[in-house]
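Just below is one structure, and these are the notes that go with it.
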Amino acid sequence: MARRSRRSKIKRKLAKRQGAKGVTPLIKKYWIQRYDLFSRYDEGIELDEEGWFSVTPEEIAVRHAERSGGGVVIDCFAGVGGNAIQFAAMCNHVVAIDIDPQKVALAFHNAKIYGVENCIDFIVGDFFQLAPSLKGDVAFLSPPWGGPSYKMIQNFTLDLLKPKDGYLIFQVAQTITPNIIMFLPRNVDVHQVEELSWLSSPPLDVEVEENYVQSNLKGITVYFGDAAFGQHRLTKMVS
Ligand code: MGP
Ligand code: SAH
């Protein structure tokens, strides 16, 4: 009896270890949140290291999709597909761009698990080069924030976004459509982001939303143009 219970304890330990295969110390805390990131994680979802710390939690990605209006969405920095999958589940069509071929392969794999791969055009390429040839109803921007250490900064200004300044990213996205959704760090300089609306004439409507998962603030979404409900309104998405 004692031997059997010891054996099942070892089995449980082994299963736990195998479940966390490839989990580096950096991504351990994100792995613990895996079902918040992808509710269907256990069906075979795969992420690389940058994917783990960058993917938009599913609940927030659903919110972005609901707010996108259901047309053609250009996901300009698509990563492992957290947002693209939810856009595809709700929108007419999605164009998912990432400069890293491994990310695009992972996004395609993950989209298949959600059964939405046929609603997405996957493109390996540089957003800045592709933008002039793209048209869509909404451009979604979730660029790199410089890794998990972004939160050490007190006031995250737009020049800290990667791979280029946030102003430039926004201006390039405006060549696609004025309806832009940006997912940004929770410590972002909100006034500076709101000022992006003044780059257009007349100024675009803008709306700022705080995004919480299990009462933890995860990020800030800024909606511009038709994607916004009204001028300078702060809303909260709390689960
Ligand atoms: P976090 O702040 O690193 O994690 O990222 P968490 O669990 O809130 O940890 P805590 O210790 O700060 O409480 C929170 C969320 O921000 C992630 O789940 C991603 O959705 C998003 N995120 C984080 N980074 C570093 C990036 C990034 O570089 N790019 C994008 N687009 N999103 C990011
Ligand atoms: N929203 C995504 C996460 C995006 S992370 C998700 O939910 O999964 C940001 C991504 O931007 C990274 O995958 C990175 O490879 C990509 N990226 C960086 N520079 C880029 C560029 N110039 N063009 C397109 N993608 C780029």
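The values are calculated or read from the model by the stated rules, or taken from the named source; none is laboratory data. Note that the structure is predicted; figures quoted are calculated from it, not measured. Glycine gets a Cβ as well: all are built from the backbone with ideal geometry, and neighbour counts include every protein chain shown. Ligands, DNA and RNA are stripped out before the accessible areas are found, and what is left, the full protein with its side chains, is counted by its heavy atoms. Shrake-Rupley method; radii C 1.70, N 1.55, O 1.52, S 1.80 Å.
What the table below lists for this structure:
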| read-out | value |
| --- | --- |
| Long-range amide H partners of residue 146 with built H, under 5 Å | 162 |
| Rounded, prolate or oblate (a/c below 1.5 giving rounded, otherwise prolate when a/b exceeds b/c) for the stretch 128-239 by Cα gyration tensor | oblate |
| GNM result for the chain, Cα springs below 10 Å: residue of 79, 219, 146 fluctuating most strongly | 146 |
| Beta bridge orientation in the chain: antiparallel %, DSSP, nearest 5 | 35 percent |
| The chain: most fluctuating residue of 133, 39, 197 per GNM, C-alpha cutoff 10 Å | 133 |
| Modelled label reach - residue 129, point 7 Å along Cα→Cβ, the stretch 70-88 residues with backbone N closer than 17 Å | 76-78 |
| Cα-only Debye scattering, the stretch 90-185: base-10 log of I(q)/I(0) at q = 0.14 Å⁻¹ | -0.59 |
| Cβ-based charge dipole, the stretch 113-239, positive-most Cα from 148, 175, 124 | 148 |
| 152, 182, ranked by accessible area, largest first (probe 1.4 Å) | 152, 182 |
| Distance violations [Cα-Cα > 21 Å] among 28/112; 103/151; 28/151 | 28/112; 103/151 |
| The chain - percent of accessible surface contributed by carbon and sulfur, probe 1.4 Å | 53 percent |
| Those residues of the stretch 63-83 whose amide nitrogen sits under 18 Å from the label point placed on residue 109, 7 Å along Cα→Cβ | 78-83 |
| Net charge, residue 58 excluded, C-beta distance under 12 Å - Lys, Arg +1, Asp, Glu -1 | +2 |
| Cα coordinate range in the chain, projected on the principal axes (Å, largest first) | 77, 39, 28 |
| Cα gyration tensor shape for the stretch 55-103, rounded if a/c is under 1.5, else prolate or oblate | oblate |
